[in-house]
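The values are calculated or read from the model by the stated rules, or taken from the named source; none is laboratory data. Predicted, not measured: the structure shown is a model, and the values here were computed from it. FYI the Cβ positions are ideal-geometry reconstructions off the backbone, even for glycines, and counts take in every protein chain you see.
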Amino acid sequence: MSQAPRDATQHDPLAKALSGADDRVRLSHWLPPRQGILPHIRIGKRWINTLWLLPAGAVALMAAVAAAQALRELPAIQAFIAAHPGVPAAAPRVESGFPWWLRIQHALNMLFMMFIMRAGLQILADHPRLYWRRDCTPGTEWFRFQSDVPEDRIWTAKDDAVTLPGWLGIPGLRHTIGLARWWHFGVNLLWLLNGIAFYVLIFAGDQWRRIVPLTWEVFPAAVSTAIQYASLNFPVDEGWTRYNGLQQLTYFVTVFVAAPVSIVTGLMQSPAISNASGRLGRVFSRQAARSAHFVSFCWFVLFIAAHGAMVLVTGLRDNTNHMFAGVHDETWAGFPWFFAMMAGLTIAWLWASPFTLRRARLVQRVGRFMVGGLKGLLERVDARSQLTEKDISPHFWPNGAMPASPEYEALLAGGFADYHLRVGGLVEAPAEFSLADLKAMPKQEQITTHFCIQGWSGVAKWGGVPMREVMARVRPSPQARYAVFYSLADGGDGGRYYDVHKVANMAHDLTILAYEMNDAPLPVLHGAPLRLRCENELGFKMVKWIAAIEFVEDFADLGAGQGGYNEDHEFFGYRMPI
Ligand code: HEM
Ligand SMILES: Nc1nc2c(c(=O)[nH]1)N[C@H]1C(S)=C(S)[C@@H](COP(=O)(O)O)O[C@H]1N2
Ligand SMILES: [Mo]
């Protein structure tokens, strides 16, 4: 169903220039596909294709088997394995088998992880480059699945996004990050609750004993088990009551290191949290957090692959009996449950992407219902961290659809002498400000990090007039809850670009209407003559080429009613402190 723009007569004249939007992803209105390249890792100046990992891994595996088999011929190694058979002798036993709650949590975790990981990849495909430094200068990536940034034309972050197939990402296609994020964050919340319950339940009983090493013996035991597995002569399996050293270490790292790391590094990518974290946010920048987040993702991929393979080769019947039926016997009680689970996962896997494209507005609504309130809480942290001149990025990615109207060309040709910022709506004193008026007001400068939803960040020095100064002059009335920013430029799918902010956010010390970037007049590319800076939100909320600001009580009757252009057309949330 397509929504027409609603009655806009009560609003700023530009409200009529806003467009309605589809409730689903329509390919005819979507960013055309663009293929990336296979993932590459940079070592020094050379880019290595990760496809080489497949033959290299196969060779390494065969070499490991040969080496382990040769080692096991040596008396010293035989003595070592006899002394450290695998399960640390002092390891306490688990008496409670595999209780029902553990089995349910394990199944839920499989389901949640599938959505989280596929949506994560989709997010990554929107800026298919990873950096350790916060400035995202092309050439400084350590990982990418996109080619060099062209230097002969303007290359926006949107241009850079690549297509993922729908069976891999959720929901596939290109620049579907808005929808992928609802899946990622919505299912993260469920996964987190499941994880908290898991922590509580394993420590309330004896289940923790299987995965928490208690003696240093776990290390030689792990080396011994590794040699035994690699030699293809497997150690004795005591999984019903105790795990061997290698199992203990890998499960421990997955549950108590990788999971917390992915949570912390996920949260540290938030502009609100990062810009409120002072020194921590400066040292552990968004890009470092993003890269570390990806490393923890890679751990999960490796873990799932190895864990899945071991379940098959060390005894599918015993393993599925344990984890799917909770029994330790000679029956096949667990296997049908395991099979049903895999069938269910396959159906969910195939269903997720087509459903998301077809019912995009519903996915947005459910996502907002699940995590919108939590995101609202994040908006309250005080994002006031600033950096210094030496942190200013050598490269600042541009983004968005450029202004292309005769009106804008005329303003530009006149050096913006004829530009007027219209401020109205629910205010006591509507006003128009020329650029000279704005420059005559108190000026504020700030050096801050910009966080684009797509994943890149950049540091610049912004100069302009604080919104609180403008608000002191127009005096928003008590009913005014939101400020609508209308742009001089249309959005990528036609209709005027706009975005809606909470009035409380507009009163923040660091919210400014910038007319300078890095001590020079704001370039056209970055929003001349005026763009918003609001440091606890993602970049798309900072409207460039501002034409007018209108204070309103509600935004449901503007555009498609979602609180902004990308909210309407790309299913983003209107609260975006993460
Ligand atoms: C509560 C836990 C988590 C939080 C809060 C979180 C948060 C985030 C955030 C904020 C982003 C970047 C979104 C953007 O800037 O547009 C992201 C991306 C991503 N997430 Fe998570 N995430 C969590 C757990 C996980 C887990 C468990 C996995 C996989 C095992 C995962 C895999 C990814 C991947 C692959 C990306 C894209 C690339 C990257 O930045 O590494 N995330 N996540
Ligand atoms: N009018 C308008 N403003 C816009 C956009 C746009 O497409 N049109 N893109 C937004 C996005 S997604 C980002 S990340 C920032 C990018 O600002 P920059 O070009 O200065 O990096 O502008 C935001 N403001
Ligand atoms: Mo953005």
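Quick look at the values:
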| quantity | calculated |
| --- | --- |
| Residue check for S285: in contact with a Leu (Cβ under 6 Å, 6 or more places away or on another chain), in the same structural domain as H127 (by TED's automatic domain parsing) and on the phi < 0 side of the Ramachandran plot | no |
| Members of the stretch 403-429 that are at pLDDT 95 or above and of a type in the set (A, V, I, L, M) | A410, L411, L412, A413, A417, L421, V423, L426, V427, A429 |
| Test: L214 is assigned to a loop (DSSP other than H, G, I, E, B), over 19 Å from the mean Cα position of the chain (by Cα) and away from ligand 1 (no atom under 16 Å from the Cβ) | yes |
| Of residues in the stretch 260-269 being surrounded by fewer than 20 Cβ atoms within 10 Å (Cβ to Cβ) and of a type in the set (A, V, I, L, M), the one farthest from the chain's Cα centre (by Cα) | V261 |
| Close pairs (9 angstrom Cβ cut-off, 6 or more residues apart or separate chains): without any contact (Cβ under 8 Å) to a residue 40 or more places away in the chain in the stretch 427-440, among the aromatic types (F, W, Y) anywhere | S434/F416; S434/Y419 |
| Qualifying positions in the stretch 232-258 - crowded, with 21+ Cβ neighbours inside 10 Å and of a type in the set (G, A, S) | G245 |
| The stretch 164-191: number of residues that are touching a Leu at 6+ places or on another chain (Cβ under 6 Å), away from ligand 1 (no atom under 11 Å from the Cβ) and within 20 Å of I37 (Cβ to Cβ) | 3 |
| Residue ID - nearest to ligand 3 (Cβ to nearest atom), chosen from residues in the stretch 390-415 that are part of a helix (DSSP H, G or I) and under 17 Å from C136 (Cα atoms) | D391 |
| Failed condition for A79, given (1) touching a strand residue (DSSP E or B) at 6+ places or on another chain (Cβ under 6 Å); (2) not polar (S, T, N, Q); (3) not in a loop (DSSP other than H, G, I, E, B) | (1) |
| Residue in the stretch 185-203 that is surrounded by 18 or more Cβ atoms within 10 Å (Cβ to Cβ) and either within 16 Å of ligand 3 (Cβ to nearest atom) or part of a loop (DSSP other than H, G, I, E, B) (or both) present | no |
| Which listed residue, of T320, T346, T314, is polar (S, T, N, Q) and either loosely packed, with under 13 Cβ neighbours inside 10 Å or not assigned by TED's automatic domain parsing to the domain that holds G278 (or both) | T346 |
| Residue, farthest from L387 (Cα to Cα), within the stretch 96-137, restricted to residues that are assigned to a helix (DSSP H, G or I) and among the charged types (D, E, K, R) | R103 |
| Qualifying residue in the stretch 127-134 (condition: more than 12 Å from ligand 1 (Cβ to nearest atom), at pLDDT below 95 and either among the hydrophobic types (A, V, I, L, M, F, W, C) or in contact with an Asp or Glu (Cβ under 9 Å, 6 or more places away or on another chain) (or both)) | yes |
| From the options L61, L51, residue that is free of Cβ contacts under 8 Å to residues at least 24 places away in the same chain, outside any loop (DSSP other than H, G, I, E, B) and under 28 Å from G239 (Cα atoms) | L61 |
| Among (1) part of a loop (DSSP other than H, G, I, E, B); (2) of a type in the set (A, V, I, L, M); (3) more than 15 Å from ligand 2 (Cβ to nearest atom), the one test that A528 misses | (3) |
| Condition met for G372 (within 16 Å of ligand 1 (Cβ to nearest atom) and either assigned by TED's automatic domain parsing to the domain that holds E537 or not in a loop (DSSP other than H, G, I, E, B) (or both)) | yes |
| Qualifying residues in the stretch 130-153 (those that are within 24 Å of I447 (Cα to Cα) and either within 16 Å of ligand 3 (Cβ to nearest atom) or charged (D, E, K, R) (or both)) - the one surrounded by the fewest Cβ atoms within 10 Å (Cβ to Cβ) | R133 |
| Any hit, the stretch 557-578, residues being free of Cβ contacts under 8 Å to residues at least 60 places away in the same chain and more than 16 Å from ligand 3 (Cβ to nearest atom) | no |
| Hits in the stretch 531-578 - residues which are more than 27 Å from the chain's Cα centre (by Cα) and at positive phi | W545 |
| So G178, is it under 22 Å from N399 (Cα atoms), surrounded by 20 or more Cβ atoms within 10 Å (Cβ to Cβ) and away from ligand 3 (no atom under 16 Å from the Cβ) | no |
| V503 away from ligand 2 (no atom under 13 Å from the Cβ) and either outside the structural domain of I549 (by TED's automatic domain parsing) or touching a helix residue (DSSP H, G or I) at 6+ places or on another chain (Cβ under 9 Å) (or both) | yes |
| Output for the stretch 145-191, where each listed residue is more than 14 Å from H127 (Cα to Cα) and of a type in the set (A, V, I, L, M) | I154, L168, I170, L179, V187, L189, L190 |
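Here's the yes/no breakdown for (1) closer than 24 Å to K502 by Cβ; (2) assigned to a loop (DSSP other than H, G, I, E, B); (3) touching a strand residue (DSSP E or B) at 6+ places or on another chain (Cβ under 6 Å):
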{"residue": "V423", "(1), (2), (3)": "yes, no, yes"}
{"residue": "F433", "(1), (2), (3)": "yes, no, yes"}
{"residue": "A436", "(1), (2), (3)": "no, no, no"}
{"residue": "K439", "(1), (2), (3)": "no, no, no"}
{"residue": "P442", "(1), (2), (3)": "yes, yes, no"}
{"residue": "H450", "(1), (2), (3)": "yes, no, yes"}
{"residue": "Q454", "(1), (2), (3)": "yes, yes, no"}
{"residue": "W462", "(1), (2), (3)": "yes, no, yes"}
{"residue": "V465", "(1), (2), (3)": "yes, no, yes"}
